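Take a look at the structure below.
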Amino acid sequence: WTLTPGVSLTFATYNTTFTFVAGDIDGGANTANFLIARKFSGVWNYPAMGAKNPFDTTATGMTQAGGFGEFIIGELFSFPSITILKTVATYSDPVNLLVSPLNIPGAVVEYTIIASNSGGPADNDSTFITDPIPADTKLYVDDIGGGGSGPVLFTQGGTSSTLTYNFIALNDGGDDLLFSNDGGATFTATPTFDASGCDSTVPAITHIRVNPKGAFIGVGAPSPSFQLRFRVCIK
């Protein structure tokens, strides 16, 4: 099914029931196990489920922002068991530089995101990390690793995720790093930065999205993982 917006909705949430016929159901499929998956702007997600009947399945809590795109229904034999750990540390400030820096105006803060998969591979090319830029900060857009690394560093964990990450230039169309300056509605912005490396885009960058390619494997000890690092400037 493909749902496209007509007029604006006048209520916060709604339920959607998708109906199908017997001929649509593969042999051996159990409709009681069906899930609904939604694809929008290249990203798959799973709405909350309601009733699961022999010839219809319901998604609940749909919203104006989350209710459109492509929808499919079927059995998912194994969910990837992905966990996300995000930490933050002050990298530098304009007074103390790199020695015991404080979170003061002009400071640079570094975020680290570790994604681990402890069971079941994710669908190929379907791993996305989308993160908002915190209030009262600006994305650090210049290289943080040197050599044209860009504003996000990707490294494998102790057991490789087997995903690959490609960055050539800021939003050149072929990168695995995209930027939004409209609250995450679209990821087509091209960032600019000032002499300090901090975002000078107008409107400012509000979100980043990283889409490493390949299959995020789920077998290994320790669990396969990858790490992202990026920085923000405190206003």
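Computed over protein heavy atoms with a 1.4 angstrom probe, the accessible surface ordering of Glu75, Glu110, largest first, is Glu75, Glu110.
Per-residue extension of 0.36 nm, minus the Cα-Cα distance of Asn53 and Lys213, leaves a gain of 54.0 nm for this segment. For the range 190-200, 3J(HN,Hα) computed residue by residue from phi via the Karplus equation (6.51, -1.76, 1.60; θ = phi - 60°) reads 10, x, 10, 9, 8, 5, 8, x, 8, 4, 10 Hz, glycine and proline entered as x. Between Thr192 and Ser160, the modelled label-to-label distance comes to 4.0 nm, taking each label 7 Å out from Cα in the direction of the beta carbon.
What length, rounded to one decimal in nm, is gained on full extension from Val88 through to Ala204, with 0.36 nm per residue of separation minus their alpha-carbon distance?
On the way: separation 116, 0.36 × 116 = 41.76 nm, distance 2.13 nm.
Going from the current span to full extension adds 39.6 nm.
Whole number in Å², please: accessible area per residue of the chain, 1.4 Å probe, ligands, DNA and RNA not counted.
For the chain, the solvent-accessible area averages 51 Å² per residue.
Note on the chain: Rg/Rh from C-alpha atoms, Kirkwood Rh, equals 1.03. Excluding Thr90 itself, what net charge comes from residues whose Cβ is under 11 Å from its Cβ, given Lys and Arg +1 and Asp and Glu -1? Once all neighbours under 11 Å are counted, the net charge is -1. Here the accessible area of the range 77-119 is 66 percent carbon and sulfur, with a 1.4 angstrom probe and all protein chains present.
Label sites at Asp24 and Thr63, each approximated as a point 7 angstrom past Cα along Cα to Cβ, lie 2.6 nm apart.
Annotation for Tyr14 and Lys39: the two label points, set 7 Å from Cα along the Cα-Cβ direction, are 2.4 nm apart. At the residue level, Leu76 shows approximately 60 square angstrom of accessible surface with a 1.4 angstrom probe and all protein chains present.
The values are calculated or read from the model by the stated rules, or taken from the named source; none is laboratory data. Quantities reported herein were computed from a predicted structural model and do not represent experimental measurements. Every residue, glycine among them, receives a Cβ derived from its backbone with ideal geometry; neighbour counts consider all protein chains shown. In case anyone asks, the SASA skips ligands and DNA or RNA and just uses the protein heavy atoms, side chains included. Shrake-Rupley method; radii C 1.70, N 1.55, O 1.52, S 1.80 Å.
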